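Report on the structure given below.
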Amino acid sequence: MSKYLKIYWKQNLILTLIITFGACSQILAGVMNARAFNALISLDLEDFLQSMLIIFSLLSFYIISLLIRIPYEAKVIQMMSIKTREDITKSFEKMTYQNYHNYKAGTFVSWLTNDISTIEQNGYTNLYALLTLIIEMVLAAIALMFFHWSIILFSIVISVVTIFLPKLVQKNVNIAMSALSKEQENFVISVTSVIKGFDTLFAYNLLSVLTQKVLKASDTLADKKIKQMKSLTYSAILGASGNVIGQVGVLVLTGILAFQRVVSIGSITATESLSNKIFNGLGNITNIIVEMKTVQPIFEKFEQLTVDNNPKESFVIKNDEIKIENLNYNYGKSLLWRNLSYIFKSGGKYAIIGASGSGKTTLLNILNGKLSDYIGSVTVYGNELKTVNNKQIRDEIIYLDQTPYMFEGTIQENIELGQHFLDEDLWTALKDAGLKEYVKSLPDGLNTDIGEDGRNLSGGQKQRLALARGLIRGKKIVLLDEGTSSLDKHNAIEIESNLMSNQDITLIMVTHNIREGIRENLTGILDLNSI
């Protein structure tokens, strides 16, 4: 958390000054209570009214400070939260494909939502509350010294006791918070999974399963939240005990001093107000610190993401071939191939065939740099995939999935993926993908919203949109994994023929069925059944 406080130190300094101004106004108003009460005892109306006017002015300044502080504090917290999310997602960018998929998507969603909310509330909001209490306590302690030294000495002794007591349960609080954070991840995963399965449950008349799953996950999450609150309650009770002893003790001590005429009777109201600031602050500080410490495991979890920081060689075109040599790959405990060797020439058109489970998609994932735990050698234009910069490799290769993912948004947004292309290029890509006429027939054209997960498109339309997404980027190597499997025969042949006739690309496609008219134009066929 300190990392983000340092990044936004200027904003936090301004916020600290605002908090200090408000605290000074409050403490001075408390001190003025003694003067007002003494004036009341002596029946000095003029002095009483003057004191009350000063108190009113000071409290008005405090209210003004709150009007400035509350929205500014929210702004600073959001700045740090956004930066935290940015750092998390940048870690995703540095992860290998395999490391990323060691986690469930719901886990990362929980990090960016539940965990950030916890950091905002238990971390940043509590930090500023803690800062406010510390400033108020220091100012109150200084003010108490002007009444009598014994009052501040007593306050210090009780303060030490009040701070120590909640530490007795700190370990249990941390354990409960870690368990809650993990259960929040599981809750998001469970709920996301069952909600996405609505169509399947609907088809089988099993929509009641949706409620059952959500309730079961909710019960488990509620149990963890209750356990966390129990642990925090024990901490709060211990802190409150010291608080009560401190406040009553200061009041008794001031009363004794007043009887001895060491302090004025009006001092009782001031010392009560100031001691309340100290001991209420201490009682809250211990709980706040306990809650703040619960965010540390969350930040540690973020730091434990395995990123690929190993230096990689730059991609340099050294020859015109993609070469597989003595390739072996284990999928679980099964060996997919033994000493697979093959050469794909630049500009060639190739098909990879084989029975289900023969490793066709796995081979494409190796060629795309997703899987690097292979044995043997795979080079693209003379660059070994294990040692070359994978990001640079993907600048040369486009991988068209057999189950393309559609982002919520428009057709244009799903093609551009955050980049910008000319309308002319967009329409050319749609034409080559066999989707131009369909998009032109839509009232909103490129701006048509396709819905969540592309719900408004058919399976074939999704594949064609994914194809357009790849074609517009002009990559030289196209890996097509059953990329036309959801299309009717006419459109599939048309798109495959367009790819086959494009002399600028190297086409490697996985297929279960090589269509007539395509087979004779292939440069080569890699049959994994024969390996």
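Just so it is clear, none of the values below were taken in a lab; they were calculated from the coordinates. What you see is a predicted model, and the numbers here were worked out from it, not measured in a lab. Cβ coordinates were reconstructed from backbone atoms using ideal geometry, including for glycine residues, and neighbour counts include every protein chain displayed.
Taking packing as the residue-averaged number of other Cβ atoms within 10 angstrom, the listed peptides 95-101, 16-22 run from highest to lowest as 16-22, 95-101.
Kindly put Ile375, Ile514, Ile415 in sequence by how many other C-beta atoms sit within 10 Å of each C-beta, fewest to most.
By the 10 Å Cβ count, ascending: Ile375, Ile514, Ile415.
Computed from Cα atoms, the angle from the helix 208-259 axis to the main principal axis of the chain rounds to 20 degrees. Hey, which aspartates and glutamates would be in cross-link range of Lys489, C-alpha to C-alpha under 18 Å, not counting anything within fewer than 8 residues on its own chain? Hits, sequence-local ones excluded: Asp432, Glu437, Asp481, Glu516, Glu520.
Normalised size of the chain, defined as Cα radius of gyration per 2.2 N^0.38 Å with N residues, equals 1.43. Counting neighbouring beta carbons within 10 Å and listing from fewest to most, the residues Glu482, Glu452, Glu413 come out as Glu452, Glu413, Glu482. Taken over the alpha carbons of the stretch 321-530 as equal point scatterers, the Debye sum produces base-10 log I(q)/I(0) values at 0.13, 0.17 Å⁻¹ of -0.74, -1.19.
With neighbours defined as other Cβ atoms within 10 Å of a residue's Cβ, the residues Phe344, Phe407, Phe61 order from fewest to most as Phe407, Phe61, Phe344. By the Stokes-Einstein formula, at 1.306 mPa s and 10 °C, the stretch 2-303 with its Kirkwood radius over alpha-carbon pairs has D equal to 70 µm²/s.
Partner lysines whose Cα lies under 18 Å from the Cα of Lys333, excluding those fewer than 8 positions away in the same chain, are identified as Lys360. Mean shadow of the stretch 1-136, computed from the convex hull of its alpha carbons, in nm²? Over all viewing directions, the stretch 1-136 projects a mean Cα-hull area of 9.9 nm². Here's the list of aspartates and glutamates a cross-link from Lys225 could span, going by alpha-carbon distance under 12 Å and ignoring same-chain residues fewer than 8 apart: Glu183.
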